[in-house]
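One structure below.
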Amino acid sequence: MSDHTVEPEFSYDQFSRRDFFTLVGGVAMAGTFGAALVGSFRYMWPNVLYEPPKRYKIGPPAEYPVGVNFIADQRIFLVRGVYGLRDNEYRVVSAICTHMGCTPKWVQKDDRWECPCHGSQFNTLGVKVAGPAPRPLPWYEVTVGNDGRLVVDQNKVVTADYKLSI
Amino acid sequence: MSRVADLLFANRVWKSVFRHGYPSNPRNRAEVMFQNVFLHIQSVKVFKRSLKVSATFGLGLILAYLFLLLTLTGFLLMFYYVPEVHRAYADMKDLEFAVSFGVVLRNMHRWAAHAMVLFTFLHMARVFFTGAYKAPREFNWVIGIILLIITLFLSLSGYLLPWDQLAYWAITIVSNLIRTTPPADIMGAGASYLVLGGTQIGQNTLIRFYVMHVFGLPAICGLLMVVHFWRIRKDGGLARPDESNIPLR
Amino acid sequence: MSTSVGIVLAIVVLAVIAVLLKVKAWRPLFLFTGLVVFALFWGQVVKDQAHPYNPYQEAYKQLLIELAGGDPAKVYFKPGIVQRYLPTLDRTDRCETCHLAVEDPRFKDAPQPFTFHPEISNHPPDKFGCTVCHEGVGISVDLQGAHGHRENWRNPVLNKELVQSRCVQCHERGASLEGGSLYARGEILFDRVGCLGCHPVKGQQLERLPGPDLRMIPNKMQLDWLAGWLKDPGSYLKKTYMPNFGLSDDDVKAITSYLVASARDYLAKQGGDNLTGDVATSAAKVAKGKELVLSVGCLGCHNIDDATVVDEAGLDPSVRERNFGPDLSRVGDKLNGRWIQQWVLNPKGQDPKTTMPDLRLSETEAEAIAAYLQQKGDGTVTKVDLAPEPDNAALVERGKERIEWFNCSGCHPIAGFEGRAFYGPELTFEGDKQYFRLAFEEKKEEMIELDEEEGVQSHRYVANFVRMKLEDPRQFQPALLKMPDFHFSQEEVEALTVYVTSLKKRVYPAAFHVEMDQQRQAISRGREMFARYNCRGCHEIDPGAPRSSGHLRAYYAGEDKALAPPVLHGEGRKVQPLWVQGFIQKPITLRPWLTVRMPTFGLSDSEVETLSDYFIALEDKDHPFYGVDPGHLDPVSVAKGKKLLMSFKCLKCHVLGEEIPKDKSPNELAPNLALGKTRLRPAWIDEWLTDPQGFQPGTRMPNFFFFDELEDENGDEVLDANGNPKLDYTNETAEANFVQIRQIRDYLMTLNAAEARRMWDKLSGGAQ
């Protein structure tokens, strides 16, 4: 109401009950909008996904023989007991070529994966040794689930020296 | 304090956005209203009588807020709802079961829609009983009637979207009503064919109702609301008793 | 939700009141509403975390920690919705949000919702989810909602056995599936009871009417027996399929009058003999008749109280429950003796469509049987005093109306109703019936009250409707409904409920449909035949069939087992298909020492083929390649085979040719070797001679050839699945054995009737 040059000093006397009500009411409204904003943000964060799960179960460890096992449903290789692993040790590597997404084939006699599409080759560490593939094959975390079956988590890419010991 | 105020308000950025100074004098306060797209809808000056709650009970304003609320919640709901006959029901249930705050958003949308119909009637009753539809406000009354119809259409089109039994049979009833438009075998059948996008309720119906619900009707509604508000200003603010009896302040 | 709405409404009302009362305290109102809305919004934020499944997940986590020895760090558990998304089936199942341990065998005996789901022949949840079989609402995550116990939801989760009704969504009907025994029972019952007589089901039809031909009544029946039977069939035959129609005395009189009048005219037109009255009887005849009834095989299908059931445990309870043919214990109260004589002599002559086979009895045998059966009866049958009045035209006319009303001709051939049936509701898609079409009528209110108490919606569920209908068919509207009471047992009700609710449209994509291969089809059709003609009453076969077989064998104890009809396990492997076909059409004496007879069923060619295909399919054998051309056999090998046969003294037990050695008891006899050429598959002879005891444990055929035990690298014996040592079939001993086995086989393949006759004469001549 008054000119801003003659603004009065603040005092508790002048902070009336009216002002208090206005202030608290205003804060409550702001809090409400805050809740609405938080809620809206949380709302946009999906809880369920309509896509193949990235973390999935495969069979129990004993089901897979020593060597390189191809698991077709999930397109992964399960390596057990070879190339620096003991019989009770497991590793999982993606079976999707990093070049164009074909499925590389395990060639036992040469100890390497060969992609049938454009000839990329990956050694036992998943590292490209020939062909156009831009990146090594990723290794995934594999653990033992509560029910004793192996659980692969593709969200967790690990280094080639990762191994699961049972 | 004044220096702080100057720092905040007396610079180019503030001026370029708000184009007026700190509203500490009458001129600036008037400027606030003039220069702001959201506020200029209000008159610079209003009749004191119009400020009384009992003049309008704020019903029109409540309607405007409900429309805003419906737009916002509807906007959010569209992120999870797909108008496809195999998915629609499941998506609606997903909001209930699997999406955080999905239930509260859907319920807000639903209750606000119900409230909007209710308040539209209350608003029109107020206008009617205060004689606010009389000259020179006849045109705005007509716009109000159209807005009422659009509100009802919005409710109806939204009713089909959950794609449950209730929705299906409600729209069956409505399409049967449409079918009776005389002459029934030409107009009625044609109109029903147009509305349903076929002879029975199916994917065509769902997408028609959806597009009308989320775009067609709200767009027309918003446009007419703008005209509605503009007419209030142009018709001299809120209606009041004969001006000869009450002095202007 | 409703509380929030209530609060908002309260605010609105308060605001309106405040305005109306011209409240000036706007700021307190602002404060108040501001705080309320604030509380509501933040309340929602908190409430959003309170999922209905939280308590279950918490409990599951505790169980996991317990199993991990109390160490929470060893347990991986991420709370939240567990979802199986199956795009190909258009399904999203969240059942495992609470049923968390369905794949964890450690939870085998845990209480629900944490019970382990045993795997059912390759239906992994990864591929099939849950609701494909179990129904319910896959996307729901609260108890009532997920189980479908909600208003307007008509597919509740299926309890236990009812799940079997879902198999046929993908599998073909008639394929006896693992875990589908109740469904299979329902399928047989549905056909056997004659549901199709009144309820049409598209794609299904009755092969023959399930009830007997009623056009023979005046010849066949003692007419005073009829009324008591119609009023309450259970009073005469406890296990009959004839249901109780709850007829009034007037109805009974009218119906019997019509039946007698129409049948009399029919028979007059047919011009047959009058068969009323009994046959001449004598004590000797009755005794002979009794001996015949108890020995020729009547007991395979019929019960009679003179028969002593030796091996009670061997009888299938479902057979004990209802017999294939009627119980004969009181048949003398029902049938005319002279008619019985004609009937057993040639059943098809009386009723061309009957399944009763011809036992090839002589006139005198038939007369003896009639003499025996006509005196079976104690006169205790309720003879209701409602004698039919076939000459009362009004009554006959009324009888015709009532027969039409109750659709008697749906199950029985009745003169004047040929080819006519008056159908009840169609059941083709009964399982899909909308709940508002379920006519609970007078029961509805009662059921709704009960449902409200128990928190379910059973009055909306088809299965419940069907079950109640089967239990007490007219309870919904006693005055109007006409479905009769079959007095189903609890198990029969469940089986039929499973079957009827399985009658639904198939909703899953064609890629999930499992068609039976040729072998399974052959088995399925064969089982149907075995059930239709009750072959299973006498012959034991096919342990995988939904119901057991070989019941007649229960009447033969201990040593006498050798006198029972032969077991048919491995039949398809053993005999040549053409021989089987010929044998079924026209049985020949195979085991001359048996008194029980293989009857002539008068089957069509295709039916016979079905049976021989069934035997073959059961043994996983190919059809046509079985024969050996005697002309191509090595004469040396044949000659050696003959020598071996003699040196092994095969003919000590085996019969050769038609004659039975008189000095031997049936227990010591073995089948006629002369039939081997036309009857047996050569390959079977090889297998059989190699190891008869392993082939059919307990057979009286001794092992003639001995093989060395198989050894592994360490010189240890190798055991098979049963713990018996495995034999070496490749070493030199084995080679030598096989040469001899082939020689015997070659000889048997050349052994024709003339040669057998010569051998036999020589042998018996030599013996004398």
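The values are calculated or read from the model by the stated rules, or taken from the named source; none is laboratory data. All values reported here derive from a predicted model rather than from experimental measurement. All Cβ positions, even for glycine, are placed from backbone atoms using ideal geometry, and neighbour counts span all protein chains on display. Only protein heavy atoms, including side chains, enter the accessible area calculation; ligands, DNA and RNA are left aside. Shrake-Rupley method; radii C 1.70, N 1.55, O 1.52, S 1.80 Å.
Per-structure values
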item: Among the candidates B:Leu68, B:Leu39, B:Leu72, residue that is open to solvent by 40 Å² or more (accessible area, probe 1.4 Å) and within 19 Å of C:Ala15 (Cβ to Cβ); result: B:Leu68
item: Check on C:Gln169, surrounded by fewer than 19 Cβ atoms within 10 Å (Cβ to Cβ), farther than 30 Å from C:Val260 by Cβ, modelled with pLDDT of 90 or more and in contact with a Phe, Trp or Tyr (Cβ under 7 Å, 6 or more places away or on another chain); result: yes
item: Single residue of B:Ala30, B:Ala5 found to be open to solvent by less than 50 Å² (accessible area, probe 1.4 Å), in contact (Cβ under 8 Å) with a residue 12 or more places away in the chain, outside any loop (DSSP other than H, G, I, E, B) and away from chain A (no Cβ under 14 Å); result: B:Ala30
item: Total residues in the range C:255-276, condition crowded, with 19+ Cβ neighbours inside 10 Å and among the basic types (Lys, Arg); result: 0
item: Members of the range A:86-124 that are touching a residue at least 40 places away in the same chain (Cβ under 8 Å), out of contact with any Lys or Arg (no Cβ under 9 Å at 6 or more places or on another chain) and crowded, with 16+ Cβ neighbours inside 10 Å; result: A:Val92, A:Val93, A:Cys97
item: Test set (1) free of Cβ contacts under 8 Å to residues at least 60 places away in the same chain; (2) part of a loop (DSSP other than H, G, I, E, B); (3) open to solvent by less than 50 Å² (accessible area, probe 1.4 Å) - C:Val456 fails condition number; result: (1)
item: Odd one out for C:Ala175 among (1) of a type outside the set (Asp, Glu); (2) in a loop (DSSP other than H, G, I, E, B); (3) within 12 Å of another protein chain (Cβ to nearest Cβ); (4) buried (at least 17 other Cβ atoms within 10 Å of the Cβ); result: (3)
item: Those residues of the range C:720-744 which are aliphatic (A, V, I, L, M), modelled with pLDDT of 75 or more and within 43 Å of the chain's Cα centre (by Cα), in sequence order; result: C:Leu727, C:Ile741, C:Ile744
item: Unique residue being surrounded by 16 or more Cβ atoms within 10 Å (Cβ to Cβ) and assigned to a loop (DSSP other than H, G, I, E, B) when the list is C:Glu103, C:Glu151, C:Glu119; result: C:Glu103
item: For C:Pro425: the one exception among (1) touching a residue at least 60 places away in the same chain (Cβ under 8 Å); (2) of a type outside the set (Gly, Ala, Ser); (3) under 12 Å from C:Ser262 (Cβ atoms); result: (3)
item: Single residue of the range B:103-122 satisfying the filter (of a type in the set (Val, Ile, Thr) and buried (at least 20 other Cβ atoms within 10 Å of the Cβ)) that is farthest from the other protein chains (Cβ to nearest Cβ); result: B:Thr120
item: Breaking point among (1) crowded, with 17+ Cβ neighbours inside 10 Å; (2) within 11 Å of chain A (Cβ to nearest Cβ), for C:Tyr53; result: (2)
item: Verdict on A:Val127 being surrounded by 13 or more Cβ atoms within 10 Å (Cβ to Cβ) and either within 14 Å of another protein chain (Cβ to nearest Cβ) or under 20 Å from C:Lys127 (Cβ atoms) (or both); result: no
item: Inter-residue pairs, beta-carbon under 7 Å, first under 14 Å from A:Leu78 (Cα atoms) and in the range A:148-166, second modelled with pLDDT under 85 and open to solvent by less than 60 Å² (accessible area, probe 1.4 Å), 6+ apart; result: A:Val151/A:Gly145
item: Residue check for C:Ala393: closer than 30 Å to C:Ala261 by Cβ and either open to solvent by 70 Å² or more (accessible area, probe 1.4 Å) or β-branched (Val, Ile, Thr) (or both); result: yes
item: Unique match (being exposed (fewer than 15 other Cβ atoms within 10 Å of the Cβ) and not polar (S, T, N, Q)) among C:Arg506, C:Arg467, C:Arg532, C:Arg527; result: C:Arg506
item: Residue ID - surrounded by the fewest Cβ atoms within 10 Å (Cβ to Cβ), chosen from residues in the range A:67-85 that are of a type outside the set (D, E, K, R) and farther than 18 Å from A:Asn123 by Cα; result: A:Ala72
item: Residue within the range B:93-102 that is within 29 Å of B:Ile220 (Cα to Cα), open to solvent by 30 Å² or more (accessible area, probe 1.4 Å) and within 26 Å of the chain's Cα centre (by Cα) present; result: no
item: Residues of the range A:34-65 that turn out to be more than 25 Å from A:Gln154 (Cβ to Cβ), surrounded by 13 or more Cβ atoms within 10 Å (Cβ to Cβ) and more than 7 Å from every other protein chain (Cβ to nearest Cβ), as a count; result: 1
item: Which numbered condition C:Val193 misses (of (1) in contact with a strand residue (DSSP E or B) (Cβ under 8 Å, 6 or more places away or on another chain); (2) open to solvent by less than 20 Å² (accessible area, probe 1.4 Å); (3) closer than 30 Å to C:His487 by Cβ); result: (1)
item: Subset of the range A:132-148 that is assigned to a loop (DSSP other than H, G, I, E, B) and open to solvent by less than 50 Å² (accessible area, probe 1.4 Å) - its residue that is nearest to the other protein chains (Cβ to nearest Cβ); result: A:Asp147
item: Residue within the range C:262-273 that is more than 19 Å from C:Ile414 (Cα to Cα) and not β-branched (Val, Ile, Thr) present; result: yes
item: Sole residue being within 12 Å of another protein chain (Cβ to nearest Cβ), assigned to a helix (DSSP H, G or I) and either in contact with a strand residue (DSSP E or B) (Cβ under 6 Å, 6 or more places away or on another chain) or free of Cβ contacts under 8 Å to residues at least 24 places away in the same chain (or both), chosen from C:Ile65, C:Ile139; result: C:Ile65
item: Restricting the range C:277-309 to residues that are touching a Lys or Arg at 6+ places or on another chain (Cβ under 7 Å) and either open to solvent by 50 Å² or more (accessible area, probe 1.4 Å) or part of a helix (DSSP H, G or I) (or both), the residue that is farthest from C:Arg553 (Cα to Cα); result: C:Asp278
